Amino acid sequence: MEISGKKAVVVGGASGMARAAAELLHARGASIAILDLASSAGAEVAAGLDGTFHAVDVTDFEGAERALNEAVEALGGLHIAVNTAGGGVVMRTIGRDGPHPLADFQRVIDLNLVATFNLNRLQAWNMSRNEPEDGERGVIINTASIAAFEGQIGQVAYTAAKAGIAGMALTMARDLGTVGVRVVAIAPSLFSTGITKGIPDDFAAALTKDAAFPKRMGRPEEYGRMAVSIVENPMLNGSCIRLDGGQRFAPK
């Protein structure tokens, strides 16, 4: 898909990997709407991209639908969606005090998997009404994690959620193939964003020592470049692409 002139919604776009994706999409001529928490820097980031900001808590599913509809109305359509909102907890299946609390497991599933699917179904519906460009109407990019494939001890909820995002890419792509909407997931390793952004160099080196190359944390712009590549290459569809420098998580 040619990016110039397209309309893009970036969920989680106030910071980190999603912000980098928003900036690169804007640089290539896309109009941008940022969806993120009200407490985020979303309004400032959106202003810098000549875009709009829409406050959202993705676990408020009805509120997320309203925010997305507002964003699409402000943009005047939707061709590209980048979804990165998520997070996890560190809890084993059983611990010293008993089994993993079910409410905590459900919360992680809701934040990562259910929230992503809720946005996807709405994004796809809006894209389906576009005029096709070489048969294509839209691109949805979701964010998994390499934890989906080799989750570490204490990541059982996060692994389940991210594995769901990775697993639904092909099925959703098949669902949406008839309307010309592509679906791809990106599975990053450790990236220098959020709580990992300010960790000491020696600690970062220890965390990434098992990578093939480069032996460092990923940079937000590297996620952004992958997102742009997915949008521009119509043969990328239905896959979960590892973005990890050849890293495989050890058990802990």
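Nothing in this text is a laboratory measurement; each read-out follows from the coordinates by a stated rule. All values reported here derive from a predicted model rather than from experimental measurement. With ideal geometry, Cβ positions are generated from the backbone for all residues, glycine too; neighbour counts draw on all protein chains shown.
Label separation (Arg92 vs Arg248): 2.4 nm, computed from points 7 Å beyond Cα along the C-beta direction. The trypsin sites (Lys or Arg not before Pro) found in the range 130-219 that occupy coil by DSSP, while having at most 10 further C-beta atoms within 10 Å, are Lys209. Only helical runs count toward this figure. For the chain, summing -39,500 (n - 2.57) over DSSP H runs of n ≥ 4 and dividing by all residues gives -12000 deg cm²/dmol at 222 nm.
The stretch between Ser128 and Glu232, if pulled fully straight at 0.36 nm per residue, gains 35.6 nm over its current Cα-Cα span. Here, the chain has an Rg and a Dmax of 17.6, 58 Å when only alpha carbons are counted. Full extension of the chain between Thr196 and Phe61 yields a length gain of 45.8 nm, computed as 0.36 nm times the residue separation minus the alpha carbon distance. Beyond 19 Å, what share of the Cα-Cα pairs of the range 73-128 remains, rounded to the nearest whole percent? Pairs farther apart than 19 Å: 47 percent.
At full extension, Ser39 and Leu102 could sit 19.9 nm farther apart than now, given 0.36 nm per residue minus the alpha carbon distance. Build a GNM of the chain with springs between Cα atoms under 10 Å apart, and of Gly29, Gly218, Gly180 the one that fluctuates most is Gly29.
Measuring between alpha carbons in the structure, the pairs from Lys7/Lys215; Lys6/Lys209; Lys6/Lys215; Lys6/Lys197; Lys197/Lys252 lying more than 29 angstrom apart are Lys7/Lys215; Lys6/Lys209; Lys6/Lys215; Lys6/Lys197.
Charge tally around Met17: other residues with Cβ under 12 Å, Lys/Arg +1 each, Asp/Glu -1 each, net +1.
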